[in-house]
Amino acid sequence: MEKTFIMVKPDGVQRNLVGEIVHRFERKGFTLAAGKLMSIPKELAEEHYGEHKDKPFFGELVSFITSGPVFAMVWEGEGVIGTARKMMGATNPAEAEPGTIRGDFGVQVSMNVIHGSDSPESANREIALFFNESDLIQYKKSVSEWV
Ligand code: IDP
């Protein structure tokens, strides 16, 4: 089953949005496979955001994501990578539609509440960066036949 890496960023943790975000993914019908509150070491932040290392905002991005705890998760379900991106909304909260997580809770692009993998390759890479294989819990929910 498809999996994606989702992370409530430091602003989301500080603003008490962990429960709200978990709730949205649960209500949608996806299944939580792993989750942990953690501080991201600088080296991990630089690797996670490696594709942006030449961008002018890279330093700001790394210092923000390491500025406080994040809540890292793996969510599972049919089409979860693309659907999670729709649930998150556009990268810039000013352009994100109301009803999306960034549209409802974000104001500026540097503090946009949530991260989610943008492709199967990114999902595999990011899950492996943040979790061990043994952290991923496989189970079946009895409600799954109704989703
Ligand atoms: P995504 O998070 O929607 O996948 P990316 O383009 O991968 O967006 O950018 C990664 C993160 O970098 C964004 O979530 C945002 O927080 C931050 N970011 C993107 N553009 C800017 C910018 O122009 N200034 C500051 N931060 C930015």
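Observations on the structure shown:
- Remark: relative contact order (region 81-147) = 24 percent; criterion is Cα-Cα distance under 8 angstrom and separation of 6 or more residues.
- Solvent exposure of region 7-119 amounts to 49 Å² per residue of accessible area, where only protein heavy atoms count and the probe is 1.4 Å.
- Each residue of region 90-103 was assigned a 3J(HN,Hα) from its phi angle through the Karplus expression (A = 6.51, B = -1.76, C = 1.60, θ = phi - 60°), giving 4, 3, 8, x, 5, 9, 6, 5, x, x, 8, 5, 5, x Hz with x at Gly and Pro.
- The residues packed around D135, meaning those with a beta-carbon under 15 Å from its beta-carbon, carry a net charge of -1 if Lys and Arg are +1 and Asp and Glu are -1.
- Sorting 108-121, 16-29 by average packing, meaning the other beta carbons within 10 Å per residue, from highest down gives 108-121, 16-29.
- Charged-residue dipole, Cβ positions (Lys, Arg, Asp, Glu), region 2-135 about Cα centre, Debye nearest 20: 340
- Portion, in percent, of the accessible area of the chain that falls on carbon or sulfur, probe 1.4 Å: 52
- Pairs of lysines in region 2-135 whose Cα atoms sit within less than 24 Å of one another amount to 14, provided the residues are eight or more positions apart or on different chains.
- Placing +1 on each Lys and Arg Cβ and -1 on each Asp and Glu Cβ, with no other charges, gives region 108-147 a dipole about its Cα centre of roughly 140 debye.
The values are calculated or read from the model by the stated rules, or taken from the named source; none is laboratory data. This one's a predicted model, so the numbers in the text were calculated from it and none came from an experiment. Don't worry about glycine lacking a Cβ; one is built from the backbone with ideal geometry, like all the others, and counts go over all protein chains shown. For accessibility, only protein heavy atoms count, side chains too; no ligands or nucleic acids. Shrake-Rupley method; radii C 1.70, N 1.55, O 1.52, S 1.80 Å.
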